[in-house]
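Each remark here refers to the structure printed beneath this line.
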Protein chains: 2
Amino acid sequence: LLDRTGSVLAERRSSEGMQSARTLGFANVLERTLSELGAPHDLPVIICGMAGARQGWVEAPYANVPCKLDDIFSNSVSVPGIERMVRIVPGLAQRREEAADVMRGEETQLAGAASSLSAGRNIVCMPGTHSKWAAMEDGTVTGFTTWMTGELFDVFAKHTILIHSIGEAVKCASAAGAGFLRGVQLGLEGTAGVTSQAFGIRAATLLHDLASEEAACRLSGLLIGVEIAGARRRYDPDLDRVTLVASGALHTLYSAALNEAGFSVTEIDADQAVRAGLIQAARVNGMLPESA
Amino acid sequence: LLDRTGSVLAERRSSEGMQSARTLGFANVLERTLSELGAPHDLPVIICGMAGARQGWVEAPYANVPCKLDDIFSNSVSVPGIERMVRIVPGLAQRREEAADVMRGEETQLAGAASSLSAGRNIVCMPGTHSKWAAMEDGTVTGFTTWMTGELFDVFAKHTILIHSIGEAVKCASAAGAGFLRGVQLGLEGTAGVTSQAFGIRAATLLHDLASEEAACRLSGLLIGVEIAGARRRYDPDLDRVTLVASGALHTLYSAALNEAGFSVTEIDADQAVRAGLIQAARVNGMLPESA
């Protein structure tokens, strides 16, 4: 719940994802949350993320890159059949067959981060379940690439033989230990590739008694190192400047990894960025005066 | 059940892995199987694979590379406390910290394939849940590397967002279709890396209506292409000769992928190779005359 300057009046988070919201009904989840926040019943609502997916609430068809940020927001879709004014922001698609990619939600983070970017070309890294690296040029998203880093950490730890090295519940709690930076170095070097290097963590447990916490950190560092090396191959082998949009543990891990890789990093809080982006989307959609 | 020349008298396969055998009792599983095969109660038994793991039946400690094949077999361990003579072949370990790796079972395939190798250095590819590429030099295993290719295919298809593109049951049925070879090319090129390219399959479903069968083939090709590119970085950038030890669908897929990558391939049937290796292990362990 934000006032018209973008200041937070109240906040509520829940772990209900697209599947839960489909079961419970998107409108029910929204109205329950708004009532818990004490929001007036005629307050307009702007939404980004998976609610706009084909299997979400109301499909907000992707805007295509290259795309100006304001043009994304002006294509927001209205949710029909309810009293409240609710609009959902489109995601972004990159349709080139050899680099097909999609995002939903990160376009709004990008918009929130845009005012902090320097003139000309900027590369923005948004870590998460599906990490996105986007190329921005003066308010236009020119392209982006996804790495499944966060999802693959969970999947390796829970559903592969690495469960015997890491275990379901163990996360990397510190970027400072040897395990994490060693993993980053392995990912940056890349030699045999991540589908081989991940097995090396299992072998290190068997042969060198690698502890589960260190194994978790090495896997985390490996996947992030692989992402950074891939981004350099994708954008520029000499890439060494990036804007990192992240919060909490991801912020700590990515800062350390980017530093290890020799990057100069501009840091933007992910929660602030998404709120700033939503405020801008609300303005473009006439929910707020153009200048607050 | 083999005669002393290595010819198959009878065969039985079951899907009972290490966990089932631990629960049922390794001796019970073995004796039930032997009785179904009509094997005499004093027939000696030679075993390779996970039965020798620490969590298996009786630990057969790893032999370390570099290692002559016969030296592996002469370190087989006896199963104590049962009437029958049962020996378990050790696995192989590569202890160097920066390339820690282990195998159990493939050392026996390697021994079975060794007589078909040319003099000097050979690279042998043994695809599977955990694919192994081994360097052999005149009967000595000098080193090896694992790729989690088979396990990761299943895990991507069942436990990541790719479940919506592929689905649990779909496998790549043909190496001939566009999907598989396109995947191989993507894996060989590598640009953004496999943790990004796998997401491209999801995006291709959303943006270009990629069918689930073709998505499965593209993922399969991608992971195999990544393995081949990694093996080249690991062993020799110009590597273009390999001995492929494989059967069935894996044989078809790897042949096609290696061909696409410009390899000249010598093919050995994996089932025949493991039987030939077990016969050799039986000889080294005094279960058969040294020359049949």
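Can you give the accessible area per residue of the protein assembly as shown, in Å², using a 1.4 Å probe?
Each residue of the protein assembly as shown exposes 42 Å² on average to a 1.4 Å probe.
Give me the Debye-computed log₁₀ of I(q)/I(0) at q = 0.07, 0.10, 0.11 Å⁻¹ for the protein assembly as shown, equal point scatterers on Cα only, no solvent, two decimals.
Scattering profile of the protein assembly as shown, log10 relative to I(0): -0.49, -0.89, -1.02.
For the range B:95-182, just the Cα atoms, rotate onto the principal axes and tell me the three extents in Å, largest first.
Principal-axis extents of the Cα atoms in the range B:95-182, largest first: 47, 33, 21 Å.
Can you bin every Cα-Cα distance in the range A:136-190 into 10 Å intervals starting at zero and give me the percent of pairs per bin, rounded to whole numbers?
Final binned percentages: 19, 37, 26, 15, 3.
Starting from the Cα of B:Arg84, step 7 Å along the direction of its Cβ; do the same at B:Asn259; then give the gap between the two resulting points in nm.
Each label point is offset 7 Å from its Cα along the Cβ direction, giving 4.2 nm.
Quick one: if you take sqrt(5λ) for each eigenvalue of the C-alpha gyration tensor of the range B:105-249, what semi-axes come out, biggest first, whole angstrom?
Rounded to whole Å, the semi-axes are 31, 15, 12.
In chain B, what percent of the accessible surface is made up of carbon and sulfur (1.4 Å probe, ligands and nucleic acids excluded)?
49 percent
Which of A:Leu222, A:Val284, A:Ala211 sits farthest toward the positive end of the charge dipole of the range A:180-292, with +1 on the Cβ of Lys and Arg and -1 on the Cβ of Asp and Glu?
A:Val284
Calculate the length of the line joining the C-alpha centroid of the range A:218-292 to that of the range A:3-44, in whole Å.
25 Å
If the rule is a partner Cβ under 4.7 Å, which cysteines in the protein assembly as shown fail it?
Cysteines lacking a close Cβ partner in the protein assembly as shown: A:Cys48, A:Cys67, A:Cys125, B:Cys48, B:Cys67, B:Cys125.
Would you work out which of A:Ser78, A:Gln55, A:Val65 lies farthest towards the positive end of the dipole of the range A:23-126, given +1 charges on the beta-carbon of Lys and Arg and -1 on that of Asp and Glu, about the Cα centre?
Sorting the options by dipole projection puts first A:Val65.
In debye, nearest 20, what is the charge dipole magnitude of the range B:148-292 about its Cα centre with +1 on Lys and Arg Cβ and -1 on Asp and Glu Cβ, if you could check?
For this selection, approximately 200 debye.
Quick check for me: using +1 on Lys/Arg Cβ and -1 on Asp/Glu Cβ, what's the dipole size of chain B about its Cα centre, in debye to the nearest 20?
Around 320 debye, computed over chain B.
Using a 7 Å offset from Cα along the direction of the beta-carbon, what are the separations from B:Asn64 to the same position in each other copy, nm, ascending?
Counterpart label points of B:Asn64 in the remaining copies fall at 6.0 nm.
Just to be sure I understand: with springs between alpha-carbon atoms less than 10 Å apart, which residue in B:Ser78, B:Ser255, B:Ser196 has the highest mean-square fluctuation in the Gaussian network model of chain B?
Comparing B:Ser78, B:Ser255, B:Ser196 in the GNM, the peak value goes to B:Ser196.
Alpha carbons only, please: Rg and Dmax for chain B, in angstrom.
Just the Cα atoms of chain B yield Rg and Dmax of 20.3, 64 Å.
If you take the charge dipole of the protein assembly as shown about its Cα centre, with +1 on Lys and Arg Cβ and -1 on Asp and Glu Cβ, which of B:Gly193, B:Asn122, A:Thr23 is farthest toward its positive end?
A:Thr23
In whole Å, what is the distance between the alpha-carbon centres of the range A:45-123 and the range B:165-206?
26 Å
Any residues in the range B:101-124 that have 10 Å² or more less accessible area with all protein chains than in their chain alone, probe 1.4 Å, and which are they?
At a threshold of 10 Å² (probe 1.4 Å), the residues of the range B:101-124 that become less exposed are B:Asp101, B:Val102.
What's the total accessible area buried between chains A and B, using a 1.4 Å probe, rounded to the nearest 100 Å²?
Heavy-atom accessible area buried at this interface is about 3900 Å².
From the C-alpha coordinates alone, can you work out the Kirkwood hydrodynamic radius of the range B:180-292, in Å?
16.0 Å
Distances over 17 Å make up what percent of all Cα-Cα pairs in the range A:146-229?
So the pairs more than 17 Å apart make up 37 percent of the total in the range A:146-229.
Calculate the all-directions average of the projected area of the range B:22-103's alpha-carbon convex hull, and give it in nm².
Projected over every direction and averaged, the Cα hull of the range B:22-103 covers 6.2 nm².
With each run of n ≥ 4 DSSP H residues scored as -39500 (n - 2.57), what mean residue ellipticity at 222 nm is computed for chain A after dividing by its residue count and rounding to the nearest 500 deg cm²/dmol?
-13000 deg cm²/dmol
The values are calculated or read from the model by the stated rules, or taken from the named source; none is laboratory data. In this text the structure is predicted, and so the values were computed from the model without any measurement. Here the Cβ is made from the backbone with ideal geometry for all residues, glycine too, and neighbour counts use every protein chain on show. Accessible surface is based on the protein model in full, side chains and every heavy atom, while ligands, DNA and RNA are left aside. Shrake-Rupley method; radii C 1.70, N 1.55, O 1.52, S 1.80 Å.
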